[in-house]
Amino acid sequence: MARLAKAAALALAVISLAKPAHAQDTPLISGGAGFFSNTPGGQTSYLPEIQPVLAAPIGKKFLIESRALLSEDFFPNPSVHGYDHAEFIALQYLQLDYLASRHLTVVAGSFLTPFNVFNERLSQIWVNPFQDGPLIESIADFSSGTSLGAQLRGSALSRRKYSLDYAAYFSARSSNQQFNAGRAAGGRLSLYLPEKRLEVGASYTRQLQGVHENFYGAHAWWEPKDTAFRLRSEYARGHHAQGYWVGVDYRSQAFGGLDSWVGRIEPIFRFQQTFRRDNAASDTLPATNTQRADFGLNYNLPHNTRILTSYSRVFSAAGNSNLWETGIVYRFLFPTWKGK
């Protein structure tokens, strides 16, 4: 933990040495810090984690974005009759955005792969209502959710009743330990209906190294107006496996609003299934057909702090199992120096 703290302090110190040309271009540091535990099969592991995010504007047209991960995993080790640990420190992505027009942003560098939407929108520890991601999260991924290359994204159309967003990318192959990536190309197209608060979309990725394979994805997210109910779902299909997940979460506004002690309670549920199309092991999905039901109850404390608890039951031909997870997450946001 001491080394993680030193690394975080060093990163912040390096950022703070720079001086902006204009106060309105002040870089922001946000992110989350959490402490988690998970207990599969009666064996409990502990995971303290920090995910700082940097957003540094350069003038009116450029923006640097980056997210780091600092974690240390304490897990049972029978050979030492106690706990062992392993630390992990890495940049999850580092990209330069060029705001070319109201309809186009050009992205270069290491970026989150735009396949479905969980990776970009829910993989942050302070956003995801569960401690872990869905089973199909990385079905079309060859490098932990990131690509290295270029991306074009933006709003193709924007009308009062609908909008159409797009993302298209190419990734080069890289074996660099920090910026590992596979050679691939693909994109995503999403339709949003603001009156219904409904978004549906489709994704495609083509692996361009080794055995060339196609991956298909689809998502549907619905957040009814004037409610704190959210329904999210995704489907993904590869050459050897496919699967889906559906998740809901809800907070009541009937007893004094979301800031009342009742409104801070957030029940959550997620159901997911994966199916093997053959026995080839070129993806990250389970080796046998699997069903998993996740039940959770979160509590949203003041000052951007949240307590997470969940229980999961896994049904598989390889054996049924239980998984208990708990955690606490704090969301932070501050400028690197004082602006106007």
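For the reader, a short list of remarks on this structure follows.
- Residue in the range 221-234 that is among the basic types (K, R) and under 18 Å from the mean Cα position of the chain (by Cα) present: yes
- For first residues located in the range 145-161 and β-branched (V, I, T), partners that are part of a strand (DSSP E or B) and lie 6+ apart or on another chain with Cβ distances below 8 Å form the pairs T146/Q92; T146/Y93; T146/S110; T146/F111; T146/L112; T146/A181.
Residues are listed down the side, and each one gets a yes or a no for (1) in a strand (DSSP E or B); (2) modelled with pLDDT of 95 or more; (3) touching a strand residue (DSSP E or B) at 6+ places or on another chain (Cβ under 9 Å):
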| residue | (1), (2), (3) |
| --- | --- |
| E199 | yes, yes, yes |
| Y204 | yes, yes, yes |
| H219 | yes, yes, yes |
| D226 | no, no, no |
| Q242 | yes, no, yes |
| V246 | yes, yes, yes |
| D249 | yes, yes, yes |
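- Hits in the range 303-324 (condition: over 30 Å from N279 (Cβ atoms) and either assigned to a strand (DSSP E or B) or touching a Cys at 6+ places or on another chain (Cβ under 9 Å) (or both)): T305, R306, I307, L308, T309, S310, Y311, W324
- Restricting the range 306-333 to residues that are touching a residue at least 40 places away in the same chain (Cβ under 8 Å) and among the basic types (K, R) leaves a set whose member that is nearest to G32 (Cα to Cα) is R331.
- Some residue of the range 148-169 being in contact with a Ser or Thr (Cβ under 8 Å, 6 or more places away or on another chain), acidic (D, E) and part of a strand (DSSP E or B): yes
- Hey, N176 exposed (fewer than 14 other Cβ atoms within 10 Å of the Cβ), among the polar types (S, T, N, Q) and touching a Phe, Trp or Tyr at 6+ places or on another chain (Cβ under 8 Å) or not: no
- Residues in the range 88-140 that are of a type in the set (D, E, K, R) and at pLDDT 90 or above: D97, R102, E120, R121, D132.
- Pairs meeting the criteria (first residue in the range 53-66 and without any contact (Cβ under 8 Å) to a residue 12 or more places away in the chain and hydroxyl-bearing (S, T, Y), second residue surrounded by fewer than 15 Cβ atoms within 10 Å (Cβ to Cβ) and not in a strand (DSSP E or B), beta carbons under 6 Å, at least 6 apart or on different chains) are lacking.
- Restricting attention to the range 264-321, the residues being surrounded by fewer than 16 Cβ atoms within 10 Å (Cβ to Cβ), in contact with a Pro (Cβ under 8 Å, 6 or more places away or on another chain) and modelled with pLDDT of 90 or more number 3.
The values are calculated or read from the model by the stated rules, or taken from the named source; none is laboratory data. None of these values were measured; they are calculated from a predicted model. FYI the Cβ positions are ideal-geometry reconstructions off the backbone, even for glycines, and counts take in every protein chain you see.
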